[in-house]
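Everything below concerns the one structure shown next.
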Amino acid sequence: MELIAAVEPLIPALRRYASAMLRNRDVADDLVQDCLERVITHWGSRRHEEDTRQWVFAIAHNLIVNKLRQDARRGLHIDLADVEESALSAPAPQEHRVRHGELMTALAALPEDQRSVILLVSVEDLTYAEAAKALSIPIGTVMSRLARGRERLQRALEGEGVHAARPQGEVFLRRAK
């Protein structure tokens, strides 16, 4: 009962995180299922003083990293018969859909390490310390990846591109969370 009470509320957040990282809802659902299997299997061996949310997200993150590496080695393969017809046509040009598409494209263009920190802190609302623990990195690394990722997202959304050069002498101010 303790396992169900602790893990069940995390499932929607796990699905959001996996979907955003993998950009494929079906693959993300499979990965969340694998994550939950590991959580159930290793529930008795976890450290009880450890935060369950961080522990579960760490398992999910490790599975996602392994999946991304596996896909990078194998390359992307999509059978044309499996592609929905709607994916082959352009969506209607409503402003919110266009802006959402730009955001998702810019987010997908970020390096995996920056994308994972942005998703954990900004979307899943983990603190810097919780994200650092889930990703097994120092808190300073979380803060620098978050700052660089937010800056790249902002530049991409402003149309400057991910690697746009800054004009000489121009000062950029950033807002921290």
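Points to keep in mind about this one:
- Hydrophobic, long helices, defined as DSSP H runs whose alpha-carbon span along the helix axis is 18 Å or greater and whose mean Kyte-Doolittle value is at least -1.0, occur in the chain at 25-42, 52-74, 95-109, 139-157.
- Rounded if a/c under 1.5, otherwise prolate or oblate - the stretch 9-80, Cα gyration tensor axes: prolate
- Dipole size of the chain about its Cα centre, with +1 on Lys/Arg Cβ and -1 on Asp/Glu Cβ: approximately 740 debye, rounded to the nearest 20.
- When the solvent-accessible area of the chain is split by element, carbon and sulfur atoms take up 53 percent of it, the probe being 1.4 Å.
- Approximate spin-label separation GLN94-ASP26, in nm, with each point projected 7 Å along Cα-to-Cβ: 2.6
- Taking other residues whose beta carbon is less than 12 angstrom from the beta carbon of ILE139, and scoring Lys, Arg as +1 and Asp, Glu as -1, yields +1.
- Pairwise centroid distance, computed over Cα atoms, of the stretch 1-69 with the stretch 116-130, Å: 15
- The chain: most fluctuating residue of ILE139, ILE40, ILE11 per GNM, C-alpha cutoff 10 Å: ILE40
- Hydrodynamic radius of the stretch 33-73 per Kirkwood, over alpha carbon pairs, in Å: 11.0
- The chain: most fluctuating residue of VAL117, VAL39, VAL142 per GNM, C-alpha cutoff 10 Å: VAL39
- Ellipsoid equivalent to the chain - semi-axes via the Cα gyration tensor, in Å: 30, 24, 14
- Of the GluC sites (Glu not before Pro) in the stretch 62-127, those whose Cβ has at most 12 other Cβ within 10 Å and which sit in DSSP loop: GLU84
- In this simple spin-label model, placing a label point 7 Å from the Cα along the Cα-to-Cβ direction at both MET104 and ILE11 gives a separation of 2.4 nm.
- Straightening the chain between ILE137 and ASN62 buys 25.7 nm, computed as 0.36 nm per residue apart minus the Cα-Cα spacing.
- The residues of the chain present an accessible area of 66 Å² per residue when probed at 1.4 Å with all protein chains retained.
- P(r) for the stretch 52-135, from all Cα pairs and a bin width of 5 Å, is 3, 11, 15, 18, 17, 17, 12, 7, 1 %, short bins first.
- Residue-averaged 222 nm ellipticity for the chain, from DSSP H runs of 4+ at -39500 (n - 2.57), nearest 500: -19500 deg cm²/dmol
The values are calculated or read from the model by the stated rules, or taken from the named source; none is laboratory data. If you're wondering where the values come from, they're calculated on a predicted model, not measured in any experiment. Note: ideal-geometry Cβ built from the backbone for every residue, glycine included; neighbour counts use all protein chains shown. Keep in mind that these areas ignore ligands, DNA and RNA; they rest on the heavy atoms of the full protein, side chains included. Shrake-Rupley method; radii C 1.70, N 1.55, O 1.52, S 1.80 Å.
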